[in-house]
Amino acid sequence: MSLACPAWLRLPVVGLVVAALALGPWLGMPRAMAFGPCSAAQFGPSTDFATGLAPTSVAVGDFNGDGKSDLAVANAASNDVTILLGNGSGAFAPAAGSPVAAGSGPVSVAVGDFNGDGQPDLAVANPFLNTVSVLLNNGGGSFVPAAGSPFASGGIEPRSLAVADFNGDGIRDLAVANFGSNTVLVLLNDGSGGFGPAAPVGVGSGPLSVAVGDFNGDSKRDLAVANFLVDTVTVLLGKSWT
């Protein structure tokens, strides 16, 4: 698959130079930028790999420690997560023990090291049970539930997860967007993969996706939440989630 360049960037080299000289300053482009090449995105043939039923979310991590990217796929209709181990050449095969049970109707999967052992673990949102399942990496691409998992999402119908250290203790926590209660809840990690809730924060109607960033440059983790039912994005600036 190739994404086409704009027509004016597909001019012959001489024509491109002339166009750049003529239009670059008018468009506010530095001359060096005006001469930049057009590099279209290129993709090879697609390949499909089997998952569970109704895959709804996919996350990337090195789950077996071989330095190659693997996939975790949340399957909403089969209530599990498929672990596909990459061979480094673009092919994937199920890990031993895959799929892994993950609550009811898992619709979002996120990756983080939740127990401090240096291995990527998984968190999965279960909207039908109002819970979040945390699956700890056992090595080799196998996973087991963390003690106390699943954890209450603190709201109704959790649909999206984001991973970050929200309280500055160096441990990865979870932000959960609860679609049915119009809230975001931060689950604070105790360092062993156990989670307890901070107070829920009200957002817009129908929060369907949550993302993390530092939006005001204070080095604290902020949140952006997509509100499906009211066509808005809520931005929450981090202060203290404890």
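Annotations for the structure displayed:
Residue-wise test of (1) in a loop (DSSP other than H, G, I, E, B); (2) free of Cβ contacts under 8 Å to residues at least 12 places away in the same chain.
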{"residue": "Leu185", "(1), (2)": "no, no"}
{"residue": "Gly204", "(1), (2)": "yes, no"}
{"residue": "Leu208", "(1), (2)": "no, no"}
{"residue": "Ala211", "(1), (2)": "no, no"}
{"residue": "Ser219", "(1), (2)": "yes, yes"}
{"residue": "Ala224", "(1), (2)": "no, no"}
{"residue": "Gly238", "(1), (2)": "yes, no"}
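- Filtered residues of the stretch 205-242 (kept if at pLDDT below 95 and within 22 Å of Glu157 (Cα to Cα)): Trp241
- Test: residue in the stretch 144-161 that is closer than 22 Å to Phe63 by Cα and under 19 Å from the mean Cα position of the chain (by Cα): yes
- Complete set of residues in the stretch 169-218 that are more than 19 Å from the chain's Cα centre (by Cα), over 15 Å from Phe151 (Cβ atoms) and open to solvent by 50 Å² or more (accessible area, probe 1.4 Å): Asp169, Gly170, Asn182, Ala199, Gly202, Asn216, Gly217, Asp218
- From the list Ser78, Ser104, Ser89, the lone residue that is under 27 Å from Ser192 (Cβ atoms), out of contact with any Cys (no Cβ under 6 Å at 6 or more places or on another chain) and either of a type in the set (Phe, Trp, Tyr) or without any contact (Cβ under 8 Å) to a residue 60 or more places away in the chain (or both) is Ser104.
- Residues that are in contact with a Ser or Thr (Cβ under 7 Å, 6 or more places away or on another chain) and surrounded by fewer than 18 Cβ atoms within 10 Å (Cβ to Cβ), drawn from the stretch 51-83: Leu53, Val60, Asp62
- Here Ala211, Ala147 are screened, and the one residue that is aliphatic (A, V, I, L, M) and touching a strand residue (DSSP E or B) at 6+ places or on another chain (Cβ under 8 Å) is Ala211.
- Every listed requirement among (1) of a type in the set (Gly, Ala, Ser); (2) more than 26 Å from Gly191 (Cα to Cα); (3) at pLDDT below 95 is met by Ala93 save one, (3).
- Whichever residue in the stretch 84-101 is open to solvent by 40 Å² or more (accessible area, probe 1.4 Å) and of a type outside the set (A, V, I, L, M, F, W, C) and, among such residues, is nearest to Thr47 (Cα to Cα): Gly90
- Members of the stretch 135-159 that are within 25 Å of Gly86 (Cβ to Cβ), in contact (Cβ under 8 Å) with a residue 24 or more places away in the chain and of a type in the set (S, T, N, Q): Asn137, Ser142
- Asp48 being surrounded by fewer than 21 Cβ atoms within 10 Å (Cβ to Cβ) and either on the phi > 0 side of the Ramachandran plot or free of Cβ contacts under 8 Å to residues at least 24 places away in the same chain (or both): yes
- Hits in the stretch 63-83 (condition: under 17 Å from the mean Cα position of the chain (by Cα) and either under 14 Å from Val100 (Cβ atoms) or acidic (Asp, Glu) (or both)): Phe63, Asp70, Leu71, Ala72, Val73, Ala74, Asn75, Val81, Thr82, Ile83
The values are calculated or read from the model by the stated rules, or taken from the named source; none is laboratory data. As the structure is a computational prediction, the values presented were derived from the model and not from experiment. Please note: Cβ atoms are built from the backbone with ideal geometry, for glycine as well, and neighbour counts cover all protein chains shown. Quick note on the areas: whole protein, heavy atoms, side chains included, nothing else; ligands and nucleic acids left out. Shrake-Rupley method; radii C 1.70, N 1.55, O 1.52, S 1.80 Å.
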